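Q: One structure, pasted below without further comment.
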There are 2 protein chains.
Amino acid sequence: MSQHRLVNPLVRNIRALKRGALVRQAVRIEEEIKQGMKKPYNEVIDVSRDNPHATGMKPMSFSRQVIASCIYPELIDSDKMPLDVRERAKTLLECIGGSVGCYSDTIGIPIMRDSVSDFLTRRDEGVPSASGNIFITHGSDHVPTLMQDSGVLTPVPSQDFGNALVASGATAVPYYLDGQQGWRLHTEELQRALRSAREVCDPIALYVINPGDPTGHVQSRESMEEIIRFVYEEKLLLFANEDHQDILIGEGCMFISYKKVLAEMGSPFSDAVELASIHSASKGFMGEGGLHGGYLELVNFDPSVQIEFDRLISLLGLPIIGQLALEVMLNPLQPGEPSYEQYQEEIQHIRETLVHNVTRAFEVLDSLPGISCEPINGGASMFPRLHLPHIAIHQAKEEEKLPDFFYCSRLLEQTGLCVCPGSDLGLPEGTYHIRLCIMTSVDTMEEVLRRLGKFHKQFMKDFS
Amino acid sequence: MSQHRLVNPLVRNIRALKRGALVRQAVRIEEEIKQGMKKPYNEVIDVSRDNPHATGMKPMSFSRQVIASCIYPELIDSDKMPLDVRERAKTLLECIGGSVGCYSDTIGIPIMRDSVSDFLTRRDEGVPSASGNIFITHGSDHVPTLMQDSGVLTPVPSQDFGNALVASGATAVPYYLDGQQGWRLHTEELQRALRSAREVCDPIALYVINPGDPTGHVQSRESMEEIIRFVYEEKLLLFANEDHQDILIGEGCMFISYKKVLAEMGSPFSDAVELASIHSASKGFMGEGGLHGGYLELVNFDPSVQIEFDRLISLLGLPIIGQLALEVMLNPLQPGEPSYEQYQEEIQHIRETLVHNVTRAFEVLDSLPGISCEPINGGASMFPRLHLPHIAIHQAKEEEKLPDFFYCSRLLEQTGLCVCPGSDLGLPEGTYHIRLCIMTSVDTMEEVLRRLGKFHKQFMKDFS
């Protein structure tokens, strides 16, 4: 395939994900069902990415009511919405120039930066956050533009962050999380990855995801301190994706931000380590992936970077609705407000659903041969390991397929269940995993486990 | 200022616009008003960009009702919305997976590509459009990523498209529209620009904006045919920004798309010229700049480009709400539907307001010394020329300011009216213009003209 002169050669380096092929397969299957073809299932269930509203999780009512009222302000002047909704919507509408149709400022709608920094100061129990260090983004997919010969140490397994880096001109250098020990991050592995990176590029940053996704690992303070010492010594920037900070599942599990740990470590770390952390309304209780609202906070960066980020963001512009979702997420309802109880109930319901889903998933997985899973303490996914029989691996290779994709594609065809192969998340040939989103309704999760369990037992039998 | 290692050097080449300085000045002024400082005006009016909902234009009720109902589906099951709104919202919700919180497919929500191609086929009276050639975008700011040494012939005056090109790695090569002849585009000028481009880069594309913005020029079929012949002979791609296709002001003025003209020219043009055209819900009657929904249609491009565009767009993801706005724009209400009459009235109102605003603007401008304006046939802006007195130009240079910025900054300080200096749109030193959005309410336009008229007369007196 020749390169069209319109397209930057970098784009050619973006890795095509197998999930794309599975989604196309799912579309074809749904078409067949629509045309009346008989299948042993009525519909496809896609848990191959965390897309909680598509798998039965309900959106938070308060934020939806506020956003709907901003979109159609007649709702504010009526009694169709609760009083706190109308008040919040009125305040927000004033901030955005009276209409969601107005262009957003480059730096976000006027209150956004302050909202984020107030939220961060509260969250980190007083560690200061300046609004000038905040950048409003399109959600968690928004990455800075990097130089062509620079490298970023990137965790494996992880989502397709590598691709965004590649398109920006940088190289994603993999470091491997420990799949035998709950997907912990070992500093020795970082050192190995850094040495190997230096052979091919100029490594400038370490990317970490905490709580981990799809690994379910939540880092301890000690581990975070170790990482901060490592980037300090190696003069790397630290990118922390803290998108899943709301989603803690393990008993007694706590989220601490890198910002807070860094501040509490004191000099020389707290004045020197350049930290960029991201969070968004796409994940967590909000789960508003379709709305595209998030932020990036920079710590210890040179002010010149700020100016250049502003220029960059100004080129694309920011959607207003994602910012409204983010604003509501950052300023939750307080006790006494009319919608507070419903709000708390909804959060509680999501929490209980998650704990239930994980418990049930382990019950089912434990009963199956040839599948195992590290504990899940946070995040929206589980990432069980498949111990595939040799015959299955051989058969996959005969068909020129990666073994995990071979498994996923059969699972989808036979049961209508779509999960993501671990190879999409960077795992090298030799160990096999699948990712499935656990932010689903209880009913959906039961159906997911029923389909997976039945298929898996038969698969192991067929290839034993 | 040193270059931070995080930031791609290309970003440094983005031109800082003077409008940014004016917006900061406006923020400072509003702060002073809030603190009780006495000014001869109560508020800033910003018409420096087309942001119609911020200047008194009302959003289209039907689309807002549909979107609000998608956001908060309880509205669908109640009698709070008209029946056609509820039906449309129900259909759309099904398409997007049941919630606006669901991630959009890379190629847009399932019906989008078909919606766009159906719209285009209707608009172009049968010229075929294949959904596979459609790309859903973030609105009009979404540009393809170009190679570093390639060039794009870009109209002057025009918005900051040049900057998006620069950040993508390409060079914007200016060609000048004829400010003496209604901002017509002359092919000889294109030839001159192309020759000069070939000295610095590899020119691969011609960018045109029709209806013109801020120029108000609407191209004739003959002019478009000339341009198509030019790009055919010179083997350039043609990028057509047709964002303002709804907004025709001149009597009897018609919009014809480049796609249609190209098809009707027949072979060899219709099979060979690579045409990329864009349109969005940010402009026109919708004016939903905050929602970020648009599309790009490719004609005669190699299928490989399509695959690469898909990869690119998949990195950032598409906001759902902008797509909903786009869908409603592409499928307007039909006679007989309950909301049809209100819908027609609202469009009629916008049309009449625009014609009124332009008529009034010319009445006022004609009464002022040292200002003139080419006719306005389409688009959302006017772009009058300032014949600044020598003393004013001299004074501006003393203060190390561009003369048009000097004028705009004083206008803003003394009257609270914010307009955009022509130098921001690429005009070279020597002729001076201001851009102002004409998509405002009648009252806002009256106030804009009152402030501008009073200031301008005094300015001309002070510097004569």
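Where a number appears in this text, it was derived from the coordinates with a stated rule and is not lab data. Since we're looking at a predicted model, the values are computed, not measured. Heads up, the Cβs are rebuilt from the backbone with ideal geometry, glycines too, and the neighbour counts pull from every protein chain shown.
Q: Would you mind counting up the charge near B:Phe405? Only other residues with Cβ under 14 Å from its Cβ, with Lys and Arg at +1 and Asp and Glu at -1.
A: The answer is +1.
Q: Can you list the lysines whose alpha carbon is less than 18 Å from that of B:Lys401, not counting same-chain residues fewer than 8 positions off?
A: By straight Cα distance, B:Lys401 reaches B:Lys18.
Q: Considering only the label points, 7 Å along Cα→Cβ from Cα, what distances in nm to one decimal separate B:Gly453 from the same position in each other copy, shortest first?
A: Inter-copy label distances (nm, one decimal, shortest first): 8.0.
Q: Which percent, nearest 5, of DSSP beta bridges in the protein assembly as shown are antiparallel?
A: Rounded to the nearest five, the antiparallel share is 50 percent.
Q: Next question. 5 Å is the cut-off here: which amide hydrogens, built 1.01 Å from N in the peptide plane, fall below it relative to B:Phe239, excluding neighbours closer than 5 in sequence?
A: Those lying under 5 Å, H to H, from B:Phe239 are B:Leu206, B:Tyr207, B:Val208, B:Ala276.
Q: Please identify every one of the trypsin sites (Lys or Arg not before Pro) in the range B:14-121 that sits in a loop by DSSP and has no more than 15 other beta carbons within 10 Å of its own beta carbon.
A: B:Arg15, B:Lys38
Q: Hey, another quick one. Taking a ≥ b ≥ c as the square roots of the Cα gyration tensor eigenvalues, with a/c under 1.5 meaning rounded and otherwise prolate when a/b beats b/c, else oblate, which class fits the range A:211-367?
A: It is oblate, given that a/c is not under 1.5 and a/b is not larger than b/c.
Q: Other chains near B:60-66: what is the mean number of their Cβ atoms within 10 Å of each residue's Cβ? If you can, show how the numbers build up before the last one.
A: On the way: counts 1, 2, 0, 3, 9, 5, 2.
For peptide B:60-66, the averaged partner shielding equals 3.
Q: Ok, one more. What number, in percent, do you get for the relative contact order of the range B:300-388 if the mean sequence gap of Cα pairs under 8 Å and at least 6 apart is divided by its residue count? Don't skip to the answer; put the middle values down first.
A: Details: 29 pairs, mean separation 11.1, N = 89.
After rounding, I find 12 percent.
Q: Something else about it: Based on other C-beta atoms within 10 Å, arrange B:Leu354, A:Leu83, B:Leu333 from fewest to most.
A: A:Leu83, B:Leu333, B:Leu354
Q: Shifting gears a bit: If each label sits 7 angstrom from Cα along the C-beta direction, how far apart, in nm, is A:Arg198 from its counterparts in the other copies?
A: Distances to the matching label points in the other copies: 5.0 nm.
Q: Right, here's the next one. Run through the range B:218-319 and list the trypsin sites (Lys or Arg not before Pro) located in a DSSP loop whose Cβ has at most 16 other Cβ atoms within 10 Å.
A: Counting only loop positions with at most 16 other Cβ atoms within 10 Å, the trypsin sites (Lys or Arg not before Pro) in the range B:218-319 are B:Lys235.
Q: Further question on the same structure: Treating only the Cβ atoms of Lys and Arg (+1) and Asp and Glu (-1) as charged, compute the dipole magnitude of the range B:411-464 about its Cα centre; round to the nearest 20 debye.
A: 180
Q: Once you charge only the Cβ atoms, +1 for Lys and Arg and -1 for Asp and Glu, what is the size of the charge dipole of chain A about its Cα centre, to the nearest 20 debye?
A: Dipole of chain A, to the nearest 20 debye: 1500 debye.
Q: Determine the relative contact order of chain B: mean sequence separation of Cα pairs under 8 Å and six or more apart, normalised by residue count, in whole percent.
A: Values: 836 pairs, mean separation 101.2, N = 464.
Relative contact order comes out at 22 percent.
Q: Taking DSSP loops as anything outside H, G, I, E and B, show the longest stretch in chain B free of GluC sites (Glu not before Pro) there with at most 13 other beta carbons within 10 Å.
A: Segment B:252-398 is the longest.
Q: Tabulate in residue order the Karplus-calculated ³J(HN,Hα) for the range B:439-453, using 6.51 cos²θ - 1.76 cosθ + 1.60 with θ = phi - 60°, rounded to whole Hz; enter x for Gly and Pro.
A: 7, 10, 5, 4, 4, 4, 4, 4, 5, 4, 5, 5, 5, 4, x
Q: For A:Lys38, give me every one of the aspartates and glutamates with a C-alpha distance below 15 angstrom, ignoring sequence neighbours fewer than eight places off in its own chain.
A: Within reach: A:Glu30, A:Glu413.
Q: Here is a follow-up. For the range A:90-114 and the range B:202-249, write down the distance between their C-alpha centroids in whole Å.
A: Going from one Cα centre to the other spans 34 Å.
Q: Still on this structure, please answer the following. Of B:Met445, A:Met329, B:Met460, A:Met254, how do they rank once you tally other Cβ atoms within 10 Å and put the fewest first?
A: A:Met254, B:Met460, A:Met329, B:Met445
Q: Hey, could you grab the Kirkwood Rh for the protein assembly as shown? Inverse mean 1/r over distinct alpha carbon pairs, Å, one decimal.
A: Kirkwood hydrodynamic radius for the protein assembly as shown: 29.3 Å.
Q: Moving on to the next point. Against the globular-protein guess of 2.2 N^0.38 Å, express the Cα radius of gyration of the range A:138-268 as a ratio, rounded to two decimals.
A: That works out to 1.02 for the range A:138-268.
Q: Return the average number of partner chain Cβ atoms within 10 angstrom of each residue Cβ along peptide B:299-309. List each step's numbers first, then the result.
A: Working: counts 0, 0, 2, 7, 2, 6, 6, 1, 6, 9, 4.
Shielding by partners across B:299-309 averages 4.
Q: Follow-up. Explain nothing, just the number: dipole magnitude of the range B:94-330 about its Cα centre with +1 on each Lys and Arg Cβ and -1 on each Asp and Glu Cβ, in debye rounded to the nearest 20.
A: So the dipole magnitude of the range B:94-330 works out to roughly 160 debye.
Q: Which value at 222 nm does the protein assembly as shown reach when only helices count, each DSSP H run of 4 or more adding -39,500 (n - 2.57), with the total divided by all residues and rounded to the nearest 500 deg cm²/dmol? Intermediate values should be presented prior to the final figure.
A: On the way: 30 runs with 390 residues, N = 928.
It lands at -13500 deg cm²/dmol.
Q: List the distances, in nm to one decimal, from the label point of B:Thr187 to the label points of the same position in every other copy, shortest first, placing each label point 7 Å from Cα along the Cα-to-Cβ direction.
A: Computed spacing set for this position: 7.1 nm.
Q: What is the antiparallel percent of DSSP beta bridges lying wholly in chain B, to the nearest 5?
A: About 50 percent, rounded to the nearest 5.
Q: When only Cα pairs under 8 Å and 6 or more residues apart are kept, what is the percent relative contact order across the range A:94-330?
A: On the way: 438 pairs, mean separation 57.4, N = 237.
Relative contact order for the range A:94-330 comes out at 24 percent.
Q: Let me ask another. Whose amide H sits under 5 Å from the amide H of B:Ile371, counting only residues 5 or more places off or on another chain, with H placed in the peptide plane?
A: B:His387
Q: Going by amide H atoms built from the backbone, whose H comes under 5 Å of the H on A:Leu318, apart from near neighbours?
A: Residues meeting the criterion, in which the H sits 1.01 Å from N, are A:Ser104.
Q: Also, quick follow-up: Give the percent of DSSP beta bridges with both residues in the range B:94-330 that are antiparallel, rounded to the nearest 5.
A: On the way: 11 of 30 bridges.
Counting only bridges with both partners in the range B:94-330, antiparallel ones make up about 35 percent.
Q: Could you give the spread of the C-alpha atoms of the range B:94-330 along their three principal axes, from largest to smallest, in whole angstroms?
A: Principal-axis extents of the range B:94-330 (Cα, largest first): 54, 43, 35 Å.
Q: Based on other C-beta atoms within 10 Å, arrange B:Cys70, A:Cys95, B:Cys408 from fewest to most.
A: Ranked by crowding around the Cβ, least crowded first: A:Cys95, B:Cys70, B:Cys408.
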